[in-house]
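Structure first, commentary second.
The values are calculated or read from the model by the stated rules, or taken from the named source; none is laboratory data. Remember, predicted model here, so these are calculated numbers, not experimental data. With ideal geometry, Cβ positions are generated from the backbone for all residues, glycine too; neighbour counts draw on all protein chains shown. When the accessible area is computed, the model is the full protein with side chains, heavy atoms only, and any ligands, DNA or RNA have been set aside. Shrake-Rupley method; radii C 1.70, N 1.55, O 1.52, S 1.80 Å.
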Amino acid sequence: MIGSTGPIRILVADDQADVRTAFRMILDVQPDMSVVAEVADGASAVEEARRLRPDVVLADIRMPRLDGLEVTRQLAGECKVIVVTTFDLDEYVHTALRHGAAGFLLKRSGPVLLIEAVRAAMAGDTLISPQVTVRLLRHMTAPGSDRTAGAGPSAAAPQIAGLIEELTAREREIAEQVADGATNAEIGAGLFISPGTVKNHLANVQRKLGARNRVGIAAWVWEQGR
C-alpha cells in the first residue's frame, strides 16, 4: 500500500533474469528499500502487485503477456509504477506518463538514478531520465510546437510557478547542467562536489523556481533562451 511504514517495498518486472538480479542487488542494499518480488511478464506483474501491494513497481516496457505500458495503466492508483526500458522512444514516454507512470528511466541511466526515481515516486514526484528530459524540452520549446501534443496532463509543460527568489551563481550553474541532461553524479564530478551537495542545491533551486522536479528546472532554463 502506498505510504506504508518501513522500507519501500518494490516489485521488479522484467523478462530478463540478469536485469531483475541487477535491480535487486542495487535496491536491496539501500536501507530504506526492499525488493519483495520479481516477475518475468506483465500479467504476473499485475497479479503480484495486487496480491503483495508493493509501494513501487519497476516495469520494463517489452514483456510477454502484457507490456509495461499496459501494466502501468492497470495499476494506476494502486501503486507507483516506474517504467524502466532500453527503448528511448517519445511515444513510449508520452504513453507511460499519460497512463500515470511515476517515472520513466532508461536502463543505461545507472543505479544512482534508479534509486533516486524510487524515492522520488514515494515523495509524489516524477523522475524522467535526463536524456529523455532534454529531448522533450527541446520539442516543447521549439517554435510552433504544441507543448501538450500526444501527452496527457502529466507529460504537459512541467508545473512551475516562476522565479520566487534569485538563484546563486552555483545554483544557476547546476540548473543549466540539469537542462543539459546531466545526472547528480555527473554534476558533482564536474564541479568537484558530492552528489549529496548537488541534491541540496537542486532542492534550493526547486524552491526558488517553484518547480516540482528536475524537469521543471530544465524547463525554466530552456525558457530563458538556452
Q: For residues that are assigned to a helix (DSSP H, G or I) and free of Cβ contacts under 8 Å to residues at least 40 places away in the same chain, scanning just region 17-39, find the one that is surrounded by the most Cβ atoms within 10 Å (Cβ to Cβ).
A: Arg20
Q. Picking from Ala96, Ala102, Ala49, which residue would you name as being more than 30 Å from Ala189 (Cα to Cα), touching a strand residue (DSSP E or B) at 6+ places or on another chain (Cβ under 6 Å) and at pLDDT below 90?
A. Ala96
Q: Return the total of residues in region 96-119 being among the charged types (D, E, K, R), in contact with a helix residue (DSSP H, G or I) (Cβ under 9 Å, 6 or more places away or on another chain) and farther than 11 Å from Val84 by Cα.
A: 2
Q. Picking from Arg20, Arg50, which residue would you name as being closer than 19 Å to Pro7 by Cβ and of a type outside the set (Asp, Glu)?
A. Arg20
Q: Search region 121-135 for residues being in a helix (DSSP H, G or I) and open to solvent by 20 Å² or more (accessible area, probe 1.4 Å), and hand back the single one that is modelled with the lowest pLDDT.
A: Arg135
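Conditions (1) out of contact with any helix residue (DSSP H, G or I) (no Cβ under 6 Å at 6 or more places or on another chain); (2) over 25 Å from Arg108 (Cβ atoms); (3) part of a loop (DSSP other than H, G, I, E, B); (4) open to solvent by 20 Å² or more (accessible area, probe 1.4 Å), marked per residue:
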| residue | (1), (2), (3), (4) |
| --- | --- |
| Ala45 | no, no, no, no |
| Arg51 | yes, yes, no, yes |
| Val57 | no, no, no, no |
| Arg62 | yes, no, yes, yes |
| Arg65 | no, yes, yes, yes |
| Val71 | no, no, no, no |
| Glu78 | yes, yes, yes, yes |
